[in-house]
């Protein structure tokens, strides 16, 4: 597996990863995380991924020339409490559900840590869905992050529970 900078030519592959992740979430009954609509048909999501690529925030993991994961890092998203020091923020992390357990997420988070260190930043933060059984929060804790602020975003008539996690580098 290699991790490389992503660009506009990777947008469709990242949207496909998001589509497959959404399908999986729907299949396990977790529609409150990302809803039921494929990312590839959601203009907000399409614009978001294009923006990550255009702003050079996107990295992709490839195996045998196939995109199997994506990471976007940059400034914190507007719905989370701001950091009190310089940071690098994980804005997107998605991996191929067919390759679950193969370390793609770990590799991409290691890449984010390396980017933060190159920038001289000592704080890496991420946010995630805090509902359901809390599995996603526990995943990031296993990756060395600790819980910070909880937050709620009002999305299409419902409150989406989120958790900010941080890691000192």
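Quick one: which of 124, 93 is within 19 Å of residue 22 (Cα to Cα), modelled with pLDDT of 95 or more and not in a helix (DSSP H, G or I)?
93
If you go through segment 97-121 one residue at a time, how many are at negative phi and at pLDDT below 95? Spell out how you get there, then give the answer.
Taking segment 97-121 and keeping what is at negative phi, we get 97-100, 102, 104-119, 121.
If we keep only those that are at pLDDT below 95 too, we end up with 97-100, 102.
Total meeting the criteria: 5.
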Could you please find all residues in segment 125-161 being more than 22 Å from residue 28 (Cβ to Cβ) and either in contact with a strand residue (DSSP E or B) (Cβ under 7 Å, 6 or more places away or on another chain) or surrounded by 14 or more Cβ atoms within 10 Å (Cβ to Cβ) (or both)?
125, 144, 145, 146, 147, 148, 149, 150, 151, 152
Can you tell me which residues in segment 96-112 are surrounded by fewer than 17 Cβ atoms within 10 Å (Cβ to Cβ) and outside any helix (DSSP H, G or I)?
100, 101, 102, 103
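Would you please name the residue that is surrounded by the most Cβ atoms within 10 Å (Cβ to Cβ), looking only at residues in segment 1-19 that are assigned to a strand (DSSP E or B) and in contact (Cβ under 8 Å) with a residue 60 or more places away in the chain? Quick ask: steps written out before the conclusion?
The first filter runs over segment 1-19 and keeps only residues assigned to a strand (DSSP E or B), leaving 2-5.
Within this subset, residues satisfying the condition of being in contact (Cβ under 8 Å) with a residue 60 or more places away in the chain are 2-3.
Numbers: 2: 9, 3: 18.
So the residue we want is 3.
Kindly indicate the residue of segment 49-77 that is in a helix (DSSP H, G or I) and touching a residue at least 24 places away in the same chain (Cβ under 8 Å) and also nearest to residue 19 (Cα to Cα) among those meeting that condition.
It comes out as 49.
I'd like to verify a number: residues in segment 102-114 that are over 14 Å from residue 140 (Cα atoms) and out of contact with any strand residue (DSSP E or B) (no Cβ under 6 Å at 6 or more places or on another chain), how many? Full working, then the answer.
Initially, segment 102-114 is screened for residues over 14 Å from residue 140 (Cα atoms), giving 102, 111, 114.
Subset that is out of contact with any strand residue (DSSP E or B) (no Cβ under 6 Å at 6 or more places or on another chain): 102, 114.
Of the residues in that region, 2 qualify.
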With the structure loaded, tell me whether residue 80 is assigned to a loop (DSSP other than H, G, I, E, B), touching a helix residue (DSSP H, G or I) at 6+ places or on another chain (Cβ under 9 Å) and surrounded by 14 or more Cβ atoms within 10 Å (Cβ to Cβ) or whether it fails that test.
no
Would you be able to tell me the number of residues in segment 24-47 that are surrounded by fewer than 19 Cβ atoms within 10 Å (Cβ to Cβ), assigned to a helix (DSSP H, G or I) and without any contact (Cβ under 8 Å) to a residue 12 or more places away in the chain?
7
For segment 131-169, give me each residue that is touching a helix residue (DSSP H, G or I) at 6+ places or on another chain (Cβ under 8 Å), modelled with pLDDT of 95 or more and assigned to a loop (DSSP other than H, G, I, E, B).
143, 169
Check residue 115 against each of (1) closer than 30 Å to residue 157 by Cβ; (2) part of a helix (DSSP H, G or I) and name the one condition it does not meet.
(1)
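The values are calculated or read from the model by the stated rules, or taken from the named source; none is laboratory data. Just so you know, these numbers come straight off a predicted model, no measurement behind them. Using ideal geometry, Cβ is built from the backbone for each residue, glycine included, and neighbour counts are taken over all protein chains shown.
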